[in-house]
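This report refers to the structure that appears directly beneath it.
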Amino acid sequence: MNLETFLEQYDRENGLVLLGGKRKVDEAFKDRCIQLGALLAKKTKALKFRTGNADGADALFAQGVASIDPSRLQSVIPYQGHRRKSNLAYDTRSLDHLDLAQEPEIVYQSKADASMARLVDQYVQGERHRFAQKAAYILRDTWMVLGNEELSAASIGLFYDDLLNPRKGGTGHTMNTCSRNGVPVIDQRTWLAWIDHGDS
């Protein structure tokens, strides 16, 4: 997909792009992530942007968007106060305020990775020890994609991934959740050309 096609398909009133990726970003890509966020915010009018407010790619994408139009940037966080000083979003939603008992699909899809299922169940049952707390990040990632009554679903996901070890960890969970739910996924192999070659 080139940039022109992306803009035609997603720059609309209900369009929402998920910007996320690895915490560890190759030095050569740090500026690129910022540039992508700024490019998309500059070239769109209605499209909204969502991140998980994590360190690394999330923060870099958010920095780019916020440099142009922070009013279209939304953060979805795993708990109240998460990276508060680094949060550049105009709108922030916290998993703490989500009644997971009323969100069976978010819970179900958060357990797609069998290694997380027990921790997700523990978290949903109210446990908050350090292992169960890991589930908050997975639940947050699922919510970012699926949305619910208070949060629109993602239209497309743009990611910075580790191409040598792709779709692992939280980023992998988010990308896989997108794919399972028909949300297109694009990584740097595609969006890098948007920066380097305009709309090619």
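No value in this document is a laboratory result; all are computed from the given coordinates. Just so we're clear, the structure is a prediction, and the values are computed from it rather than from any experiment. Cβ atoms come from the backbone with ideal geometry, glycine included; neighbour counts cover every protein chain shown.
Counting other Cβ atoms within 10 Å, which GluC sites (Glu not before Pro) in region 1-85 have at most 13 and lie in a DSSP loop?
Those satisfying the criteria are E13.
Using 1/(1 + (r/R0)^6) with R0 = 22 angstrom and r between the beta carbons of E13 and S67, what's the FRET efficiency to the nearest 0.05?
Computed FRET efficiency for E13 and S67: 0.45.
Kindly give Rg over Rh for region 56-116, based on alpha-carbon atoms, with the Kirkwood expression for the hydrodynamic radius.
Reported Rg/Rh, Kirkwood definition of Rh: 1.06.
Working only with C-alpha atoms, what are the Rg and Dmax values of region 1-96, expressed in angstrom?
Reported Rg and Dmax, both Å: 12.9, 38.
Determine, for each peptide in 41-48, 156-163, the mean count of other beta carbons within 10 angstrom over its residues, then list the peptides with the highest first.
In descending order of packing, they fall as 156-163, 41-48.
With contacts defined as alpha carbon pairs under 8 Å and 6 or more residues apart, what's the relative contact order of the chain in percent?
24 percent
Using only the alpha-carbon atoms of region 100-149, report the extent along each of the three principal axes, biggest first, to the nearest angstrom.
28, 20, 14
So what J values fall out for region 90-99 if you push phi through Karplus, 6.51 cos²θ - 1.76 cosθ + 1.60 with θ = phi - 60°, rounded to Hz, Gly and Pro as x?
Working through the residues one at a time gives 6, 10, 10, 10, 10, 4, 3, 9, 9, 7 Hz.
Provide, in order from the shortest bin, the percent of all Cα-Cα pairs of the chain in each 5 Å bin, continuing until the bin that contains the maximum pair distance.
Pair shares across the bins are 1, 8, 17, 21, 21, 16, 9, 5, 2, 0.
Along the Cα-to-C-beta direction of N181, a point sits 7 Å from the Cα; which residues of region 154-171 have their amide N less than 20 Å from that point?
Hits in region 154-171 for N181 at 20 Å: 154-161, 167-171.
Suppose we keep just the alpha-carbon trace of region 64-166; what are its Rg and Dmax in angstrom?
When restricted to the Cα atoms of region 64-166, Rg and Dmax are 14.5, 41 Å.
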